[in-house]
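Undergrad: I have a structure I would like to understand better, so I am pasting it below and will then ask my questions one at a time.
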Amino acid sequence: MEASMPKRKEPGKSLRIKVISMGNAEVGKSCIIKRYCEKRFVSKYLATIGIDYGVTKVQVRDREIKVNIFDMAGHPFFYEGTAQLCCLIVVWRITPVTSEPQVRNEFYKDTQGVILVYDVGQKESFDALDAWLVEMKQDLGPHGNMENIVFVVCANKIDCAKHRCVDESEGRLWAESKGFLYFETSAQTGEGISEMFQTFYLNILDVCEHGGKRPATNSNASFTKEQADTIRRIRNSKDSWDMLGIKPGASRELLGRSFQSQEEQQRGSHSPCRHSTTTPAQDASVRHHLTQQ
Ligand code: GTP
Ligand code: MG
């Protein structure tokens, strides 16, 4: 798409996009795609070998979109040597490659959308999201631009509520502080899947219709990175003293200064997580200490 394109697109004009799925093994990447494309769920685990490639057509607004989906294996085995071979097999079908290091660059190149998946019952799969982004950035090389790629984070397997260990606020915070879309999904029940894909494709279409650049008004992120860091630090504090960054028994003056700086930081962060950072007993312990001084 060129920046000089007319605002109103020709109805029905088809668009071709490339979408890839990323995330640890067994988080449900293939099942999410299968649920959307084939409206079914397979409970037996069939690990993706290398990369599965498929093409699907979707109608978004007045445009028909041809989607090339590259569903990646999450198992590390495919990223240590063997991966290069697997990528080679897939990429070879699209464009001939001449030498190994180019293979992965070619693979990530020209991606319009990434579906980043983690399992809400597996903390490691959530923690691994950063490493997936680093891998993609590295493979795209110094000239690769991830700014205009639409990322959607799927917090998957929400049907397994009993095993859940990554709550919604934590996942949403991570995603939105990076400007990514966030959806709670279950490939098993289908919850959130259509909504996720619809919003994902709409966002990709917006980018394509803005000359391949993310429209300025497109960001619905609730948090800046700084705000997210502050919220994360507060959430991880073990008690109110820790939250204020002071030692138990600190002087009234030190406490006052700390409260003041916390308030200044939080004024900008409109944190929805503030209420859940400490227990009433911990807050009472600081208040009690203050009244004693
Ligand atoms: P790799 O291909 O190895 O990277 O795994 P993957 O991320 O593609 O996982 P896959 O879709 O193959 O699903 C792994 C296992 O999780 C399978 O047994 C699925 O049936 C199961 N699964 C996937 N999504 C869900 C879900 O939303 N809920 C539940 N309960 N199970 C799911
Ligand atoms: Mg798979």
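Undergrad: Given the criterion modelled with pLDDT of 95 or more and aromatic (Phe, Trp, Tyr), identify the matching residue among TYR118, TYR79, TYR53, TYR108.
TA: Unique residue meeting the criteria: TYR118.
Undergrad: I've got another one for you. Run ASP127 past the list (1) touching a helix residue (DSSP H, G or I) at 6+ places or on another chain (Cβ under 9 Å); (2) modelled with pLDDT of 90 or more and report the number of the one that doesn't hold.
TA: Condition not satisfied by ASP127: (1).
Undergrad: Could you look through the range 10-32, keep only residues that are modelled with pLDDT under 95 and in a loop (DSSP other than H, G, I, E, B), and pick out the one that is nearest to ligand 2 (Cβ to nearest atom)?
TA: SER14
Undergrad: Cβ-Cβ distance below 6 Å, separation of 6 or more or different chains: which pairs start in the range 167-180 with a residue that is modelled with pLDDT under 95 and end on one that is part of a helix (DSSP H, G or I)?
TA: LEU173/ALA228; SER177/LYS225; SER177/ALA228
The values are calculated or read from the model by the stated rules, or taken from the named source; none is laboratory data. What you see is a predicted model; the values in this text were computed from it and never measured. Because the Cβ atoms are built from the backbone with ideal geometry, glycine has one as well, and the counts that use them run over all protein chains shown.
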